[in-house]
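The structure under discussion appears below in the form of structure tokens.
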């Protein structure tokens, strides 16, 4: 049996005994530094940076905390407990007074449709409230890069589409793209995950959903680049087959890749612990595989704890 010389696997990477000893010496050399400052010093020492050049301080703090909890290093006592804005966030209020008459019975009757990207815009509150009130999953505040599209007909909202950063791991997707683990770490930011898609009750007409998915796909990369300064090359979503058949995605030429394992990102049992879902993807261009397998020019050095 091969000798194992690592003591912790953190976010897909093995942390060796030598690296643990380096962290111990760093703490001993800087006894007055806080946990935050120690993580910054470790990032500088190991050159752990994001693709944009910023230090991966939060990832580093998570690693050091895991080592501390396992008794492998001794961190200084925390000096303050910052508030968690996500835990304290109140759910958005539903738009209870917004229930117009049905706007039409066909796409033609709806008339011209206006798609607005409302992330960081005055209409974002309306978007959040509509999802909270009318989507069966309600509204959940995204973490990381994300966009929100609100679609109007005759000045009235008729649909919502939410997009966020893609999940780190997805076997069918990763095999279909054909990228290595390193390329996935570098280029995962070039995918967008459709977390919510809602047609409001007064806007439900035949073929509207697939029509909107097609129009959103044509503008999503540009909208993403305007806010986050990089394009998107592939869209993905997960569908619960117990609730939906994925008809609108199929009609909009999305590609079905298979079922998820139902294990989640932090699974240690290798057994399903949540509902299995269908995985659908939509490439934004014929050269998407080449773009997703391209070495990122912005990466300073591969982060051994990033994923």
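The values are calculated or read from the model by the stated rules, or taken from the named source; none is laboratory data. It should be emphasised that the depicted structure is a prediction, and the values quoted were computed from it without experimental measurement. All Cβ positions, glycine included, derive from the backbone under ideal geometry; neighbour counts span all protein chains shown.
Can you list the helices (runs of 4 or more DSSP H) lying wholly within the stretch 146-257 that have 2 or more residues being out of contact with any strand residue (DSSP E or B) (no Cβ under 9 Å at 6 or more places or on another chain) and assigned by TED's automatic domain parsing to the domain that holds residue 277? Quick ask: steps written out before the conclusion?
On the way: elements: 171-177, 181-187, 208-228, 247-251.
Filter on the stretch 146-257 gives 181-187, 208-228, 247-251.
Has the stretch 105-116 got at least one residue that is outside any helix (DSSP H, G or I), at pLDDT 90 or above, under 19 Å from the mean Cα position of the chain (by Cα) and exposed (fewer than 12 other Cβ atoms within 10 Å of the Cβ)? Spell out how you get there, then give the answer.
Start the filter on the stretch 105-116 by keeping residues that are outside any helix (DSSP H, G or I), which leaves 105-106, 111-116.
Going one step further and asking which of them are at pLDDT 90 or above, we end up with 106, 111-116.
Those still in the list that are under 19 Å from the mean Cα position of the chain (by Cα) too: none.
No: zero hits.
Search the stretch 53-69 for residues that are surrounded by fewer than 17 Cβ atoms within 10 Å (Cβ to Cβ) and pair each with any residue that is modelled with pLDDT of 85 or more and not in a helix (DSSP H, G or I) when their beta-carbon atoms are under 6 Å apart and the residues are at least 6 apart or on different chains.
Correct list of pairs: 68/75.
Can you tell me which residue within the stretch 56-69, out of those that are at pLDDT 85 or above and in contact with a strand residue (DSSP E or B) (Cβ under 7 Å, 6 or more places away or on another chain), is nearest to residue 17 (Cα to Cα)?
Of everything passing the filter in the stretch 56-69, 67 is nearest to residue 17 (Cα to Cα).
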